[in-house]
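Below is one structure, written out as C-alpha cells; comments come after it.
Each reported figure results from applying straightforward, stated rules to the coordinates on display, with no laboratory input. From a predicted model like this one, the values you see are computed outputs, not experimental measurements. So basically every Cβ, Gly included, is an ideal-geometry build from the backbone, and we count neighbours across all protein chains shown.
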Amino acid sequence: MNSIEEVFKEVHGCLPALGVRVPGRVNLIGEHIDYNDLPVFPMALQRSVRIALSPRNDRMVVLHSDDDRFSSVEFEIGPELEPSRKGSWGNYVKAPAKELAHRFNMQRGFDGVLQSDIPVASGLSSSSAIVNAVGLALAHINEISTETRDFASVMAEAERFVGTQGGGMDQAISLGARDRSAARISFHPLRLQHVLVPDDWCFVIADSGEVAEKSGALQAEYNLRRAQCEQAFEIVVQNLAHQGRIGDPFESYPELCEALDTQRMLVFAEEVLTETLYRRFRHVVTEADRVEGAVQQMVAADIRGFGDLMDASHESLRMDCQVSNAALDELVQVARDGGAMGARLTGAGFGGCVVALAERHRVDDVLAALRVDYYARRGPMERMNERLFVAVPSRGASIRQI
Ligand code: NG1
C-alpha cells in the first residue's frame, strides 16, 4: 500500500494538511446491551481508519477510498442530505456530515483520501470508525468542539442515518480509548472507566469469513433484537408495577437491574413474557451481570474467571439472543480446544469475528489451532493477515497537522 500522503498527491494534486486516525474496536463482553443503555466492556484496536485531507472553501466533500472495493464519494454537506443506495459505504461518510450540518453552521468540506486496515463488516466497527473519522475531520475544520463525551453521542446518533438502530459503544470507545486499556462504558451520562489489560492476557481475533453486513439483511435482525428487548422491558415493568411490586415503573434497564436481583427478576419475567421475549430479556440482564463480573476479573487479573464469563456470554448470545451461527460456534470451539481460556462472538453476530482470550505463552497454540482446524479446511482466503491477529489495546482517535 502506498503511503496515504502519496495517494493524496496522486488524487488531489497537492499534499494534505491534516491526518485523522480512528481505531476499530473489539468488544470483550457486553453484547447487544448497549442499545438497552447497559454498560459494555470493549477496547480499541491497533487497526484503524485513516483520512488525509485538505479543507475546502466550499461545502463539498470529495473522499477517495484507497480500496478498490469502494468507489469515491462526492457530495455537498447539508442537513437535508439524502442517503445513497442502501449498503453503500458512502452513507457512512454522509452520516456525520448530515448530523453535524443539522446541529451546526458548517461552511467547509474537504478533499480527502481514506485508508483502512479494519476488516469490513466483521463486528470490529469499521463503519463507526469511518463515521467518527469523517465527523472529526469536519468538526475540526469547521471549529466545532469534539469533546469526547458529547461528540461520541452525536456520532452515535449520526450513524443511525444508515438505518441500524445501534447503541453508543463503538463511537465512545474509538474516540475515548486509552493505550493498553479496555474501558467499561456506561451511558446517560456517557462515562468511560479505563482498566489496564494485564500484560499476560492476549485477545485473539478470528474472522469467520462470513460477512456480517449490517447495512444489508442483518440490519432487520439487529433492529428486531432491539425492539424485542424494549418490548420485554415494557411488559416486565408494567406487570411489576401492576402487581404492586414496584412503585413508579422504571424507565430503563439500568434502573431495573439496579433495583432487582437478577434471579428473582427472571422468575417473574418468565411468568409474563412469551418464550422469545423471555430469552431476549434473560440475555440482557445476565449479560449485564457478566460485564460487571468481567471488569472485576480484569482488575484482579483473574484470566480464568474472565474466560468463563466470555464462554457464558457466547452461550447466551447463541441460545437467548440467537445471533450466532455454525461458523462462529465452530471458531469458538476451535479456539477453546486450542488452549483459549474463553471465547465468544464479538459485535452484532450473524457472521464476523470471534474474540478468544489466551495466556501469552499459549497464544501461539491458539493461533495454530485456528489456522489448522478452521482456516486450512476452508482453502485459501484473501486478506488472511486481517482475519487472524492478536489485538493490541490501543488509544482512541487522534488528529495531526501534516
Ligand atoms: P458491530 O456489529 O460491531 O458494528 C453493533 C452495534 C453496537 C452494538 C453491537 C452488538 C452499531 C454501529 N454498532 O456492532 O452498538 O449494539 O452491534 O453488541 O450499530
Original post:
For region 176-249, what are the per-bin percents of Cα-Cα distances with bins 10 Å wide, up to the bin holding the maximum?
Top reply: 14, 19, 32, 25, 10, 0
Subject >> Virtual paramagnetic centre 7 Å along Cα→Cβ of Asp68, amide N under 18 Å, in region 363-390 >> reply: 381-386
Subject >> Summed side-chain charge close to Met60 - residues other than Met60 whose Cβ falls under 12 Å, Lys, Arg +1, Asp, Glu -1 >> reply: -1
Original post:
From the square roots a ≥ b ≥ c of the eigenvalues of the alpha-carbon gyration tensor of region 105-165, which class results: rounded (a/c under 1.5), prolate (a/b over b/c), or oblate?
Top reply: oblate
Original post:
Can you work out D for the chain in µm² s⁻¹ from Stokes-Einstein, where Rh is the Kirkwood radius over C-alpha pairs, the temperature is 10 °C and the viscosity is 1.306 mPa s?
Top reply: 73
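Could you compute Rg(Cα) / (2.2 N^0.38 Å) for region 202-355, with N its residue count?
1.13
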Original post:
Can you give the Rg and Dmax of region 308-402 based on its C-alpha atoms, in angstrom?
Top reply: 14.8, 50
**OP:** Write out the trypsin sites (Lys or Arg not before Pro) in region 325-392 meeting two conditions: DSSP loop, and at most 14 other Cβ atoms within 10 Å of their Cβ.
**Re:** Arg383
Original post:
Could you state the number of Å between the C-alpha centres of region 279-299 and region 3-49?
Top reply: 26
Original post:
So what are the radius of gyration and Dmax for the Cα set of region 22-137, in Å?
Top reply: 14.9, 44
Subject >> Mean ellipticity per residue at 222 nm, deg cm²/dmol - from DSSP H runs of n ≥ 4 across the chain, formula -39500 (n - 2.57) >> reply: -13000 deg cm²/dmol
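Going through region 109-162, which GluC sites (Glu not before Pro) have at most 16 other Cβ atoms within 10 Å and a DSSP loop state?
Glu143, Glu147
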Subject >> Residue exposure sequence - Lys94, Lys9, Lys86 - by fewest surrounding Cβ within 10 Å >> reply: Lys86, Lys9, Lys94
Subject >> Cα-Cα pairs of region 264-372 separated by more than 22 Å (percent) >> reply: 37
